[in-house]
Structure formats: C-alpha cells, structure tokens
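See structure below.
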C-alpha cells in the first residue's frame with residue numbers, strides 16, 4: 001500500500017499551487033470521513049482523495065490521462081489508479097466510477113469547491129456552517145460558477161447518498177482541517 005508520505009511527496013513533485021494543495025487536503029478529508037462512515041479503509045480512500053488531481057497543474061490538457069504514469073512512480077495499485085481516473089468521468093475521462101468510493105470521489109471533488117467558496121464568503125469561515133447555507137449558495141448559479149453542480153448531483157445519485165448528507169459530511173470534514181486549508 002502506498003503511504004501518505006509517498007503520496008504527499010508525489011503530489012508536491014507535480015503541484016506547486018497552494019490552492020491546489022488545499023483542494024487536495026479538502027478532498028482527502030472528505031474521503032476519509034466517508035470511508036469511516038462506511039467502515040472502509042480511511043487511509044486508502046484518503047490517499048485516493050489526496051492524489052486525485054496529481055496531473056492537473058502540470059498536465060491540465062491530459063488530466064486523468066497522465067495520472068497513471070505519474071502514480072506508477074510510487075507503485076500505486078491499479079484499483080487506486082482507476083479510482084483517481086474515474087473522478088473525471090464524462091468530462092476528461094471515459095473511466096466510469098464503479099465502486100462506492102469512486103462515486104463519492106466523483107461527487108465531492110466538485111462539492112469541496114462549493115463549500116470552500118461558501119466559507120470564504122463568511123466572516124466565521126467554516127465555524128457554524130450549515131447545510132442550508134451551502135444549499136442557498138448552490139442555488140446561485142453565478143456563485144462559484146466553475147463548480148459543476150450536475151456532477152455533484154449525478155455522483156450523489158450514483159452513490160445513493162442524498163445531496164444534504166453529502167454536504168453535511170463535507171462541511172464536517174473541512175471544519176476538521178480548517179486550520180490547514182486557510183479557513
């Protein structure tokens with residue numbers, strides 16, 4: 001199994017952006033929370049979340065297609081590579097999310113951006129954030145316009161999780177790491 005230390009080192013080899021690092025930490029935290037809830041391996045799910053955008057900064061035009069080559073550097077198992085490539089399904093990848101972990105990743109990749117943007121608009125940032133406050137921002141299509149809400153909804157449906165539950169767990173996970181992600 002790939003260690004978190006190996007994952008962090010590989011991430012920083014190919015990504016220098018602080019905002020992308022914060023995003024990776026956000027997705028990692030949410031994936032760990034969902035793994036714990038499902039009784040799954042939190043390290044496994046977390047590493048997939050941490051490395052899901054491994055190829056984004058240096059190879060944006062090859063996103064989810066360059067990832068297998070980069071992940072091979074640390075001996076990433078094929079099932080983890082598949083999971084990472086599946087988060088771009090229908091957008092930049094034809095690798096469809098199959099397992100529950102992949103479906104959650106597909107949804108929360110976009111959702112973390114919406115929750116993060118919502119926090120930036122609040123003086124108290126993550127403290128006291130509610131599902132209702134995120135849903136209010138959700139309705140404003142001009143707010144965090146780059147967040148693909150259809151992907152979140154499709155991911156939630158595939159994973160058989162309500163949008164509200166997805167938001168709730170994401171808020172809890174981001175709150176738990178708020179000091180690490182600038183919130």
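No value in this document is a laboratory result; all are computed from the given coordinates. No experiment lies behind these values; they were computed from the predicted model shown. Methodologically, a virtual Cβ is constructed for each residue, glycine included, from the backbone with ideal geometry; neighbour enumeration extends over all protein chains shown.
Decide, for segment 41-106, between rounded, prolate and oblate: order the square roots of the alpha carbon gyration tensor eigenvalues as a ≥ b ≥ c, take rounded if a/c falls under 1.5, and otherwise choose prolate if a/b is larger than b/c, else oblate.
oblate
Report the gain in length on full extension from residue 142 to residue 62: 0.36 nm times residue separation, minus Cα-Cα distance, nm rounded to one decimal. All intermediate terms of the calculation are to be shown ahead of the outcome.
Values: separation 80, 0.36 × 80 = 28.80 nm, distance 2.76 nm.
Length gained between residue 142 and residue 62: 26.0 nm.
What is the P(r) of segment 12-73, as percent of Cα-Cα pairs per 10 Å bin from 0?
24, 47, 26, 3
Please give, to one decimal in nm, the separation of the simple spin-label points placed at residue 37 and residue 3, each 7 Å out from Cα toward the Cβ.
About 3.1 nm separates the two model spin labels.
Give the value in nm², to one decimal: projected area of the alpha carbon convex hull of the chain, averaged over all directions.
9.5 nm²
Compute the helix-to-body angle for 163-176: its Cα long axis versus the longest principal axis of the chain, expressed 0 to 90° and rounded to tens.
80 degrees
Between residue 124 and residue 180, how high is the FRET efficiency from 1/(1 + (r/R0)^6) when r is the Cβ-Cβ distance and R₀ = 25 Å? Nearest 0.05.
The calculated FRET efficiency here is 0.90.
Computed FRET efficiency, Cβ-Cβ of residue 99 and residue 165, R0 22 Å: what is it to the nearest 0.05?
So the FRET efficiency works out to roughly 0.75.
With angles folded into 0 to 90 degrees, how steeply does helix 4-14 sit against the dominant principal axis of the chain? Use alpha carbons for both and round to 10.
The answer is roughly 90 degrees.
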